[in-house]
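The values are calculated or read from the model by the stated rules, or taken from the named source; none is laboratory data. Note that the structure is predicted; figures quoted are calculated from it, not measured. With ideal geometry, Cβ positions are generated from the backbone for all residues, glycine too; neighbour counts draw on all protein chains shown. When the accessible area is computed, the model is the full protein with side chains, heavy atoms only, and any ligands, DNA or RNA have been set aside. Shrake-Rupley method; radii C 1.70, N 1.55, O 1.52, S 1.80 Å.
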Amino acid sequence: KEGKEMDDKVLSEDANKRIKSLENKLRKYEKKIGELKREKKMLGSLIRYSSLGIVTVDENIVIKSCNAVFEDLFQYRESEIVGKDLDEVIAKGHSVKDAKGYSRKTLMGKPVSGVERRYRKDGTSFYVEFFAVPAIVDGKVVGAYGIYQDVSERVEMKKRLEESEERLKRVFQASPLGMGLFKDRIMQWHNDAMSKMLGYKSEEIIGKDAR
C-alpha cells in the first residue's frame, strides 16, 4: 500500500511538472501571439496613414488591399481592384511587360525600384517612383508591398532642363567664337571653334586641366 501511494505521489508530481511546463509554454505562445498582433496593427497603421500610395499583393501579384492614397493616386476604390492582377490594373500596353518584369524580380525576393509611366482608371498616364518589397515568411516569398509616389512634375522639370541644355549647346556649337565649359578648371565641353582655335582634338582637351 505504501509503495502504491509513493508511486501515485511520484506520478502526481510528474503530472504537475508537465502541466506547469505546458502552462509556461502556453503563456509564451500567448505573449508571442500578442506581439504579432501588435506588430500587425502597427504595420496596418503605417500603411493606412502613410503619405505614399501602398498596395499589398499575394505571391501571384493579385491585389489584397491598398490604402486611401493609392486609391486617390490611381482613381480606383479598393473594392474595385481586390482580387485583380496589380500590373494589369495600373499598367497599359508595353508598360505591362515592364511591370511584370519588376514583379518577377520581387517574387524572387529582390526589392526593386524605379521611375515609370503608370495609368489611372480614366486612362490618363503619369510618372510614378515605385518601390516593390517582397514579403518573406520562413524564407518563402508570400507576397509583396508596392509603394508609389507621383513624380510627374519632377520628371517634366528634368525633361525641360535637358531640352534647354541641348538648345543652349546647339547655339554654342554654331557660334564662330571659341566656347568651352569648365568645372574646377577642367574642360567639360567645347564647341568646334574652340577646338580649331586651340589646335587640339576633342579627346585631347576634354577632362584636362585648363592651366
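Results, tabulated for the structure shown:
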{"quantity": "Matching option when the condition is without any contact (Cβ under 8 Å) to a residue 40 or more places away in the chain and of a type in the set (A, V, I, L, M), among Val155, Val115, Val133", "calculated": "Val133"}
{"quantity": "Total residues in the stretch 142-152, condition among the aliphatic types (A, V, I, L, M) and either open to solvent by 80 Å² or more (accessible area, probe 1.4 Å) or free of Cβ contacts under 8 Å to residues at least 40 places away in the same chain (or both)", "calculated": "1"}
{"quantity": "Test: residue in the stretch 120-141 that is of a type in the set (Gly, Ala, Ser) and open to solvent by less than 30 Å² (accessible area, probe 1.4 Å)", "calculated": "yes"}
{"quantity": "Matching residues, the stretch 171-197, being within 43 Å of the chain's Cα centre (by Cα), open to solvent by 60 Å² or more (accessible area, probe 1.4 Å) and of a type in the set (A, V, I, L, M, F, W, C)", "calculated": "Val171, Phe172, Leu181, Phe182"}
{"quantity": "So Gly178, is it small (Gly, Ala, Ser) and either at pLDDT 90 or above or at positive phi (or both)", "calculated": "no"}
{"quantity": "Any hit, the stretch 49-66, residues being assigned to a helix (DSSP H, G or I), surrounded by 14 or more Cβ atoms within 10 Å (Cβ to Cβ) and either β-branched (Val, Ile, Thr) or within 18 Å of the chain's Cα centre (by Cα) (or both)", "calculated": "no"}
{"quantity": "Inter-residue pairs, beta-carbon under 8 Å, first in contact (Cβ under 8 Å) with a residue 12 or more places away in the chain and over 11 Å from Gly143 (Cβ atoms) and in the stretch 57-86, second assigned to a strand (DSSP E or B) and open to solvent by 60 Å² or more (accessible area, probe 1.4 Å), 6+ apart", "calculated": "Leu73/Asp150; Val82/Lys64"}
